[in-house]
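Report on the structure given below.
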């Protein structure tokens, strides 16, 4: 093998050939990779190098791997793979390999590199086989949105799943009103807050394209930005109806637009032929939304605030198994109408309204809170 590098898929896009034909391509982020071990003919009987890729915390790799990397003076890396490279003898532990080791037309494990990005405006790196995975090995490719930034094709992570900040603000009377319906504008505002800073900056829009939302309105920036992203839409009459209660089908559709499309789907007895059927099935297939015990979804029913928080927490992988995994009530924001720890929504409300640090519980989907963090003041993001 002459050359090698480890990379990950950052999404799909398309390019045009000289005849104007559309060619679908997969965008790959290739490297940088660190040489973590060197094998020699004298010691191992062959020449090769081990490459490491993607920095992670020590808790996300095995103890033997962590010990191996520490011994060689290398930081913690998620992926380790050995390659018998043509120039292995010239490489040393600690050397860094980047995508510029390749030229247009080179092949890596039958993935053809059709272009190398070197200057803004040139063809971006495109290839055809990889996925983005998180520390648990889950496919999170759908969390990224592909866009051009200053002529360079970039993969922008859309939802902030790493930082567990407060994305809901309570009312001035000390209530959270978990059983109240939630409006279209309120849901748009929640998802606006949940965007990564990079996504929010890239798609930021402060002027309204809807006749019933004025520029400068409290929800204008959130609605306009998510509309600019293609996450939410208005009605054919040019309105958005910001104060209308959002339905279960509408929320499922917003959630599904953040979903990967290659998951198993789940259906319900009352959604056949519904305009949101596909989106409901996709969101349900991801485990983000649930139906009722009678097998229905009730797509046109308004959804309450507590149900919305629960669904969003599942999207974000922000869930605690037990009340004891939260902090003591004296250390959290508490709400006069969310004091019953036995209520099904108690933990979800606390999750949505408290900025906190946490640790993952083993390999489970659950977290355990470790520290309260000062909440974000979202008022500055509204205009």
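The values are calculated or read from the model by the stated rules, or taken from the named source; none is laboratory data. All values derive from a computational prediction rather than experimental measurement. All Cβ positions, even for glycine, are placed from backbone atoms using ideal geometry, and neighbour counts span all protein chains on display.
Table for the structure above
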{"item": "The range 287-311: number of residues that are in contact with a helix residue (DSSP H, G or I) (Cβ under 8 Å, 6 or more places away or on another chain) and farther than 24 Å from residue 353 by Cβ", "result": "6"}
{"item": "Within the range 361-383, considering residues that are touching a residue at least 60 places away in the same chain (Cβ under 8 Å) and not in a helix (DSSP H, G or I), the one surrounded by the fewest Cβ atoms within 10 Å (Cβ to Cβ)", "result": "363"}
{"item": "Conditions (1) touching a helix residue (DSSP H, G or I) at 6+ places or on another chain (Cβ under 6 Å); (2) more than 24 Å from residue 187 (Cα to Cα): number failed by residue 364", "result": "(1)"}
{"item": "Of all residues making up the range 297-319, the number that are over 18 Å from residue 375 (Cβ atoms) and in a loop (DSSP other than H, G, I, E, B)", "result": "7"}
{"item": "Strands (runs of 3 or more DSSP E) contained in the range 41-151 and holding at least 2 residues out of contact with any helix residue (DSSP H, G or I) (no Cβ under 8 Å at 6 or more places or on another chain) and modelled with pLDDT under 85", "result": "77-83, 144-149"}
{"item": "Matching entry among 348, 377, 337 (being in contact with a helix residue (DSSP H, G or I) (Cβ under 6 Å, 6 or more places away or on another chain), in the same structural domain as residue 213 (by TED's automatic domain parsing) and closer than 26 Å to residue 173 by Cβ)", "result": "348"}
{"item": "Residue match in the range 166-175 (condition: in contact (Cβ under 8 Å) with a residue 24 or more places away in the chain, farther than 16 Å from residue 308 by Cα and touching a helix residue (DSSP H, G or I) at 6+ places or on another chain (Cβ under 7 Å))", "result": "no"}
{"item": "Unmet requirement for residue 352, which otherwise passes all of (1) at pLDDT 95 or above; (2) assigned to a loop (DSSP other than H, G, I, E, B)", "result": "(2)"}
{"item": "When residues of the range 190-228 are limited to those that are in contact (Cβ under 8 Å) with a residue 40 or more places away in the chain, over 21 Å from the mean Cα position of the chain (by Cα) and not in a helix (DSSP H, G or I), the one surrounded by the most Cβ atoms within 10 Å (Cβ to Cβ)", "result": "219"}
{"item": "Residues of the range 190-216 classified as touching a strand residue (DSSP E or B) at 6+ places or on another chain (Cβ under 9 Å) and under 24 Å from residue 300 (Cα atoms), total", "result": "1"}
{"item": "Options 27, 35: the member that is touching a strand residue (DSSP E or B) at 6+ places or on another chain (Cβ under 6 Å) and at pLDDT below 80", "result": "27"}
